[in-house]
Ligand code: ADP
């Protein structure tokens, strides 16, 4: 199978990460470990994952400041083999995320969008999107850019949306959507339900608006639901979680890469799950994205029947 073409439209942030013994409560100050400065942002993370872990011909559509953080991100994207020629440099600081990570690998994140507020789909970006097999977006950039990107794809190309962080989706996004990827919290937000609801019932509610839904379930793997087909649970690999930052992004990038080369959704979710599991075993976001060989090896080991 030849490598599919993926365009990821989204955010790029520098992650400022501090390990903490526990997350502080409101009004509380605690001491953490040394500060780490690493490339992140949902869009850039997913582009790195599609290219490095998914093996797709990947273009990133996004905006960076004319600053050192922007250079750091360009270097990380290019290092993973992502095409960066339609990335724009703008007169706002590169997006920044403040992240704390507790010993159990749970994280909290605050994002200053900066340049990400200026992501747009102009002529050069439209041309690249029109040549893609899959257009993948998230919600850390203006919704107008997401809608424009979806609308620029050719007939037959898939629009995959990772609806994170949570926000209400206008009808024009729902109408364009081919595959929705969310975690349980985002799924509950979209249906106005409770996170304690079974993923199967959240997926069933979402299928009223979109024909295919993937709900990621952390260490429990993921759920793949398509209209008129029984939902499939994809179990996770058992790994030791070091840092869950970027697991969901790695999952989305690899899912898009697999879909771009014509793999069906359940098999794409197996590959994506293997990549997500490998990502949580290493610190960082883009730095934690595994290579394609490790992903296919783990996915093959998981699908082999056990004696
Ligand atoms: P998000 O970070 O967006 O909430 P998840 O935590 O659901 O996303 O992680 C995305 C995917 O990564 C999961 O569906 C799963 O396949 C994999 N994954 C995440 N955490 C673990 C873990 N602790 N062990 C194994 N796989 C994991």
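Quick note: the coordinates plus some simple rules give every number you see, no bench work behind them. None of the values given here were measured: they were computed from a predicted structure. When we count neighbours, we look across all protein chains shown, and the Cβ atoms used for this are built from the backbone with ideal geometry, even at glycine.
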Residue-span extension gain [residue 155 to residue 71] - 0.36 nm each, minus C-alpha spacing: 26.7 nm
Estimated FRET transfer efficiency when R0 is 30 angstrom, pair residue 281-residue 185 (beta carbons, to 0.05): 0.85
The chain - mean residue ellipticity at 222 nm from DSSP helices (-39,500 (n - 2.57) per run, n ≥ 4, rounded to 500): -9500 deg cm²/dmol
GNM top mover of 190, 31, 158 - the chain, alpha-carbon springs below 10 Å: 31
Linear extension gain, residue 227 paired with residue 166, 0.36 nm per residue minus alpha-carbon span: 19.6 nm
Antiparallel bridges, percent of DSSP beta bridges restricted to the range 1-145 (to nearest 5): 35
Cα-derived Rg over Rh, computed across the range 194-307 with Rh taken as Kirkwood radius: 0.97
Chain lengthening between residue 241 and residue 102 when straightened (0.36 nm per residue, less Cα-Cα): 48.9 nm
Share, in percent, of DSSP beta bridges within the chain that are antiparallel, nearest 5: 40
Alpha-carbon gyration tensor eigenvalues x 5, square-rooted, for the chain, Å: 25, 24, 20
Three-way shape call for the range 21-144 based on the alpha-carbon gyration tensor, with the a/c threshold at 1.5: prolate
Exposure proxy order (Cβ contacts within 10 Å, fewest to most) of 153, 233: 233, 153
Label-point separation, residue 112 to residue 174 (7 Å along Cα→Cβ), nm: 3.7
